[in-house]
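Novice: The structure that follows is given in the form of structure tokens.
Quick note: the coordinates plus some simple rules give every number you see, no bench work behind them. Because the structure is predicted, anything quoted here is derived from the model rather than measured. Counting neighbours? That spans all protein chains shown, and the Cβs are built from the backbone with ideal geometry, glycine included.
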Amino acid sequence: MTINRELFDQVMVPNYSPSAVIPVKGEGARVWDQNDKEYIDFAGGIAVNCLGHCHPALVAALKEQGEKIWHLSNVMTNEPALRLAKKLTDATFADKVYFANSGAEANEAALKLARRWALDKFGEHKSQIIAFNKGFHGRTFFTVTVGGQAAYSDGFGPKPGDVVHSDYNDLAALEALISDNTCAVMMEPLQGEGGIISPEADFVKGVRELCDKHNALLIFDEVQTGVGRTGDLYAYQGLGVTPDILTTAKALGGGFPIGAMITTTEIAKHLKIGTHGSTYGGNPLACAVAEAALDTVNTPEVLNGVKAKEALFRELLNEINEKHQVFSEIRGKGLLLGGVLNDKYQGKAKEFLVEGINQGVMSLVAGANVVRFTPSLVIPDADIREGMARFEAAVAKVVANNA
Ligand SMILES: Cc1ncc(COP(=O)(O)O)c(C=O)c1O
């Protein structure tokens, strides 16, 4: 059987349009394709491979658990799930954990829990969910409706109701919208897919205060920002604002599918027996790998390393920009960074990604105007320099193509 990009068009549902490159091997921050061409990975599977590819601690955890027990069901619990839940609660504000398999599922659980909490405590009138324009929370029908891009939720018939949107970083707009009918406010503590947009300190504090004033829950979607990505284990810890519910996925499994919703005992108690569930949530293989990922990331060396690597990324991106003038700004935090394209390159972020692949470096976009970088949190500095040299070659090509 010939395995190539044409086969994708033959056998796959056409909801994606992947590159012609098919990677077959990865080690650390490097990846090789079917033709043995090497790439430096600044994408990390969209902020997933927090420890690069095939990190020895994760491989060992997977192998070890793979020879013990793979799957039970939630009729029984298992050791890796309990160990991971204990470590997540020890490391955060939360007392309780619900395991899912993805970011969208963790968010779905958070939203359902918020609705239950409000219904139980206050009654049917308190069902409004406020989220933010440009926000992204996943692709289930509830989460995509809460997400702030109608283009992703339109076209599927009637949407889940009582979901409204406000502008990020606009506290007055939120104040005008929120009321005692609001059940929850859901936000990313740094908008990722929407274009790498950091929250202003006063805004996050203000959102917390408004939630408290109106007895609404504050849900932080840390699916992209969580597990060390911003230099804190969770971004809320760097903002000094604590949510009531937090969701985490992507980097949590370092490449193995897992998601989690974490919250306090007081709120968790509303998800009573039988109210929600998942066949695979809390799977022993996923939890064993996630435990190893969490143990490895949640150390001063790795978290401080993220801050140092952010500085190197910014320095090299600024150098590239001085030569080629493509960005108006480098923004983001930790290793969740975006190069915002200036007026001349509006709508052209994908050209940088495609030319990067040609030059042997993988990057991402965040919308049409931002080139996004979410590499391994432990990417060696030498790989950052090599990857940036390749990225500069890609930038030079794009500049020449647009001259
Ligand atoms: C902030 C945020 N929430 C939720 C999701 C959805 O996660 P998943 O694709 O694992 O369902 C994403 C994915 O990009 C995300 O960035």
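Novice: Classify segment 225-313 as rounded, prolate or oblate from the Cα gyration tensor: take a ≥ b ≥ c as the square roots of its eigenvalues, call it rounded if a/c is under 1.5, otherwise prolate when a/b beats b/c and oblate if not. Please list the in-between numbers first.
Specialist: Values: a/c = 2.99, a/b = 1.53, b/c = 1.96.
Oblate is the answer for segment 225-313, as a/c is 1.5 or above yet b/c matches or exceeds a/b.
Novice: Does segment 315-375 come out rounded, prolate or oblate, given a ≥ b ≥ c as the square roots of the eigenvalues of its C-alpha gyration tensor, rounded meaning a/c under 1.5 and, failing that, prolate meaning a/b above b/c?
Specialist: Values: a/c = 1.18, a/b = 1.03, b/c = 1.15.
Rounded is the answer for segment 315-375, as its axis ratio a/c remains below 1.5.
Novice: Specify whether the C-alpha gyration tensor of segment 79-140 places it in the rounded, prolate or oblate class, a ≥ b ≥ c being the square roots of the eigenvalues: rounded for a/c under 1.5, otherwise prolate if a/b is larger than b/c and oblate if not.
Specialist: Details: a/c = 2.33, a/b = 1.48, b/c = 1.58.
Verdict is oblate for segment 79-140.
Novice: If the reach is capped at under 13 angstrom between alpha carbons, list the aspartates and glutamates near residue 96, excluding any in the same chain fewer than eight residues apart.
Specialist: Straight-distance partners of residue 96: 244, 266.
Novice: What residue among 160, 284, 189 shows peak mean-square fluctuation when the chain is described by a Gaussian network model with Cα springs under 10 Å?
Specialist: 160
Novice: Now a separate question. When N is the residue count of the chain, what does its C-alpha Rg come to as a fraction of 2.2 N^0.38 Å? Could you put the intermediate results ahead of the total?
Specialist: Working: Rg = 21.2 Å, N = 403, 2.2 N^0.38 = 21.5 Å.
Taking the Cα Rg and dividing by 2.2 N^0.38 Å, one obtains 0.98.
Novice: Checking understanding here: applying a Kyte-Doolittle mean of at least -1.0 and a length along the axis of at least 20 Å (C-alpha), which whole DSSP H helices in the chain pass? Mind dumping the intermediate values first?
Specialist: Numbers: long enough: 103-122 (28 Å, -0.36); 300-324 (36 Å, -0.60); 381-401 (30 Å, 0.09).
Qualifying helices, which must be both long enough and hydrophobic enough, are 103-122, 300-324, 381-401.
Novice: How much net charge surrounds residue 365 when only other residues with a Cβ under 11 Å from its Cβ are counted (Lys, Arg +1; Asp, Glu -1)?
Specialist: Values: positive: 348, 350, 372; negative: 193, 351.
Net of charged neighbours comes to +1.
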